[in-house]
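The values are calculated or read from the model by the stated rules, or taken from the named source; none is laboratory data. All figures in this text were calculated on a predicted structure; none of them were measured in a lab. Glycine also receives a Cβ, built like all others from the backbone with ideal geometry; neighbour counts cover every protein chain displayed. Areas reflect the complete protein model, heavy atoms only, side chains present, ligands, DNA and RNA absent. Shrake-Rupley method; radii C 1.70, N 1.55, O 1.52, S 1.80 Å.
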Amino acid sequence: MTEGPRRDTRGIVGAPDLFARVRFRRREPAAALRPYLEHYWLIDWELAEPYAAHVVPHPSVNLVFQRYDAGDAPRDRSGYAEVAGVAPALFTRELAGRGRVCGVQFRPGGFRPFAPEHAVADLTGRRVDAADVLRTPPPVDAVLDPDDEDARVAALDACLLALEPRPDPRAALAMAAVDRIRDDRTVRRVDGLARDTGLSARSLQRLFSAYVGVGPKWVILRYRIHEALEAAASGPEIDWARLAADLGYSDQAHLVRDFTATVGATPTAFAPHGHAPPARPGKPLAAPPPPVASWPGERTRDHRRSSP
């Protein structure tokens, strides 16, 4: 088993370009939080020219602390915290001047124990002031002020531990179902996944709505697109027909349509270098609420695969 967050960049469009301009780190949360969290992600930048970052988000809720010295609003300069629900389509953020973001990426299904009063589907496609969702006000200054990275991580740990998440069997079931979708390419149909989890298809849909925020079919499609994006970034010599079959698509054209609708460009636009910017904003694969800007960070699955 691998200790600590993995180093993959799945979901980030043009990761080498982005990492050449910003300092991006992933950090492990406290042991008591690991059953629910993927990782913390920390970004700092100081740019002479604006840069547009593009991410195909994971089916995860994020708690995002952010400060933008180049922002026009006092809120941007002083810092604030938001809960960002699952973003349905391609996320694009223009970075300019100086800024700092400290994020918490929850495992899909892992956010609800921290805010049990809220069905996660109610947050999908939305950014909500964290104080309106969490039971205790988030410590914005304690997280964003320190230049010492360990101090920021400690502040994030303290914030989340104060919320006292409790084991929730349904959250554990949702997390296990999403892990199965991500890790097993043979999971292609909702009814088959429902049988594997011991639920009816309708019960599985309700579980995903309450704990993940999007339906199981949406999650299956999103992880397919992540794999296709990773393949496109690896170089031009891709057998797209074979990849489409491996991912469970009926044909290559179907994969290309989903990829283009989500990313905003065809797979071949990314193949030469893996960092061509999208030609236009992506569209959702399904029909959740309209997308909004949030900072989803990277997907990093590790030794917590067997955690509840």
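The requirement of being open to solvent by less than 30 Å² (accessible area, probe 1.4 Å) and modelled with pLDDT under 90 is not satisfied by Gly215. Just a yes or no: is a residue in region 171-180 out of contact with any helix residue (DSSP H, G or I) (no Cβ under 9 Å at 6 or more places or on another chain) and over 22 Å from Gln205 (Cβ atoms)? No, there is no match, as no residue in region 171-180 is out of contact with any helix residue (DSSP H, G or I) (no Cβ under 9 Å at 6 or more places or on another chain) and over 22 Å from Gln205 (Cβ atoms). The residue that is farthest from Val219 (Cα to Cα), counting only those in region 230-265 that are at pLDDT below 80 and in contact with a Ser or Thr (Cβ under 8 Å, 6 or more places away or on another chain), is Pro236.
Of the residues Glu38, Glu28, Glu117, the single one that is crowded, with 21+ Cβ neighbours inside 10 Å and either under 20 Å from the mean Cα position of the chain (by Cα) or without any contact (Cβ under 8 Å) to a residue 24 or more places away in the chain (or both) is Glu38. Being at positive phi and either at pLDDT 95 or above or crowded, with 16+ Cβ neighbours inside 10 Å (or both) holds for only one residue in Gly103, Gly4, Gly79, Gly99, and it is Gly79.
Only one of Arg166, Arg180, Arg170 is under 21 Å from the mean Cα position of the chain (by Cα), over 15 Å from Tyr223 (Cβ atoms) and free of Cβ contacts under 8 Å to residues at least 60 places away in the same chain; which? Please lay out each step first, then the result.
Numbers: Arg166 fails: under 21 Å from the mean Cα position of the chain (by Cα); Arg180 fails: over 15 Å from Tyr223 (Cβ atoms).
Just a single option satisfies the conditions, and that option is Arg170.
For region 198-242, name all the residues that are of a type in the set (Ser, Thr, Tyr), more than 20 Å from Pro113 (Cα to Cα) and part of a helix (DSSP H, G or I).
Once the filter is applied, which keeps residues that are of a type in the set (Ser, Thr, Tyr), more than 20 Å from Pro113 (Cα to Cα) and part of a helix (DSSP H, G or I), region 198-242 yields only Tyr223.
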